[in-house]
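As structure tokens, the structure follows; a few thoughts come after it.
The values are calculated or read from the model by the stated rules, or taken from the named source; none is laboratory data. Since this is a predicted model, take the numbers as computed values, not measurements. Cβ sites come from the backbone with ideal geometry, for glycine too, and all protein chains shown count toward neighbours. The protein model used for the area step is the full one, side chains on, heavy atoms only, and it has no ligands, DNA or RNA in it. Shrake-Rupley method; radii C 1.70, N 1.55, O 1.52, S 1.80 Å.
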Amino acid sequence: MDFGMETELVEFKKSTGELKEGIISLTLMLNKNGKGTLYFGVRNDGEIVGQQIGGRTMRDIFQSIADAIKPQIIPTIIMELCDDKNIIKVTVEGDEKPYFAYGILYGIDG
């Protein structure tokens with residue numbers, strides 16, 4: 001299975017090792033579109049590579065997003081099985097622009 005291409009509303013990260021970059025991408029999407037989806041376990045070209053998911057993985061992602069993005073948002077984080085591989089889907093929505101990640105404003109023009 002192939003997830004297709006990244007868009008203004010969808011971002012792929014190979015693993016949670018790219019969590020910081022993923023959080024910045026979510027912030028960009030929030031500031032531009034008010035929503036966005038981030039997948040862990042999917043390469044930039046849309047190929048599913050899978051994500052190892054430990055006992056604290058989902059909680060750690062949730063806490064990292066809660067700590068990094070201000071004003072605070074509540075993400076929806078779910079595990080999905082695609083081609084017998086685990087991936088993590090993170091969705092966010094918000095209308096309290098501008099959003100900051102790690103104290104830096106991303107994605108606001110002018």
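State all residues of region 47-59 that are touching a residue at least 12 places away in the same chain (Cβ under 8 Å) and surrounded by fewer than 13 Cβ atoms within 10 Å (Cβ to Cβ); if no residue qualifies, say none. Selection gives Gln52 alone. Taking region 36-91 as the range and being in contact with a Phe, Trp or Tyr (Cβ under 8 Å, 6 or more places away or on another chain), farther than 16 Å from Phe12 by Cβ and not in a helix (DSSP H, G or I) as the test, the residues that pass are Ile69, Lys70, Pro71, Ile73, Pro75. Taken together, Asn33, Asn44 contain a single residue that is among the polar types (S, T, N, Q), open to solvent by 20 Å² or more (accessible area, probe 1.4 Å) and closer than 16 Å to Tyr106 by Cβ, which is Asn33.
For region 92-104, the set of residues classified as out of contact with any Pro (no Cβ under 6 Å at 6 or more places or on another chain) and part of a strand (DSSP E or B) consists of Glu93, Phe100, Ala101, Ile104, listed by residue number. Residues in region 11-30 that are open to solvent by less than 10 Å² (accessible area, probe 1.4 Å) and among the β-branched types (Val, Ile, Thr): Ile23, Thr27. Within region 60-110, the set of residues being open to solvent by less than 70 Å² (accessible area, probe 1.4 Å) and in contact (Cβ under 8 Å) with a residue 60 or more places away in the chain comprises Cys82, Ile88, Val90, Val92, Gly94, Pro98, Tyr99, Ala101, Tyr106, Gly107.
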